[in-house]
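I have placed the structure first, in the form of structure tokens, so that the comments after it can refer back to it.
The values are calculated or read from the model by the stated rules, or taken from the named source; none is laboratory data. Please read these numbers as outputs of a predicted model, since none were measured by experiment. Neighbour counts run over all protein chains shown; Cβ positions are idealised from the backbone, glycine included. Ligands, DNA and RNA are stripped out before the accessible areas are found, and what is left, the full protein with its side chains, is counted by its heavy atoms. Shrake-Rupley method; radii C 1.70, N 1.55, O 1.52, S 1.80 Å.
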Amino acid sequence: MTITAALVLFAVTWFMVFFCVLPMRFRSQAQEGRVELGTPASAPENAMIAAKAKITTVVSLVIFVALYLVITSGRFGIADLDVFGIWANRY
């Protein structure tokens, strides 16, 4: 795996985990009863972006290492993805 492929894999993993972590512990301004002027009622009261980014980095690093080891092990190849036998004669 090239360095660029590893960086792309980590970036995709990080953003997927980040979008899963974002809604956790979400409290809107309407739920708290303090809607600030000029913001929608569904805006977060306290977004906690830094804490969520740290959690995302740790979780995505673990997932990335597992994916990297599976990809570079050579145990699985493109032929293993051929569920319907379409690529049987090509690879």
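Return the single residue from Thr56, Thr39, Thr13 with maximal mean-square fluctuation; model: Gaussian network over the chain, springs between Cα atoms under 10 Å.
Between Thr56, Thr39, Thr13, it is Thr39 that shows the largest mean-square fluctuation.
Expected output is a single nm value to one decimal: the length gained when fully extending between Ala5 and Val59, i.e. 0.36 nm times separation in residues minus the C-alpha distance. What is it?
Gain in length upon complete extension: 17.5 nm.
Contact order normalised by length for the chain, with contacts defined as Cα pairs under 8 Å and 6 or more residues apart; what percent is it?
Rounded, it is 31 percent for the chain.
If you plug each phi of the range 23-33 into the Karplus form 6.51 cos²θ - 1.76 cosθ + 1.60 with θ = phi - 60°, what whole-Hz ³J(HN,Hα) values come out, in order, with x for Gly and Pro?
Each residue's phi maps through the Karplus curve to give x, 5, 6, 7, 10, 7, 5, 5, 5, 7, x Hz.
Glu45's amide H: which non-local residues (gap 5+, or another chain) put their own amide H closer than 5 Å, with H modeled 1.01 Å from N in plane and none for Pro or chain starts?
Excluding prolines and chain starts, which carry no amide H, the hits are Arg27, Ser28, Gln29.
Counting other C-beta atoms within 10 Å, and keeping those with at most 10, which DSSP coil GluC sites (Glu not before Pro) do you find in the range 17-69?
In loop regions of the range 17-69 (DSSP not H, G, I, E or B), the sparsely surrounded GluC sites (Glu not before Pro) are Glu36.
Roughly how tilted is helix 3-21, in degrees to the nearest 10 and between 0 and 90, from the longest Cα axis of the chain?
The angle comes out near 40 degrees.
Ignoring ligands, DNA and RNA, how do Leu81, Leu67 rank by accessible area with a 1.4 Å probe, largest first?
Leu81, Leu67
For Met16 and Ala66 in one chain, what is 0.36 nm times their gap in residues minus the Cα-Cα distance, to one decimal in nm?
Length gained between Met16 and Ala66: 16.5 nm.
Largest first and to the nearest Å, give the Cα extent of the chain along each principal axis.
Each principal axis gives a Cα extent; for the chain these are 64, 27, 19 Å.
Rounded to the nearest 20 Debye, what is the dipole magnitude of the chain about its Cα centre when Lys and Arg each give +1 and Asp and Glu each give -1 at the C-beta?
Taking the Cα centre of the chain as origin, the dipole is about 140 debye.
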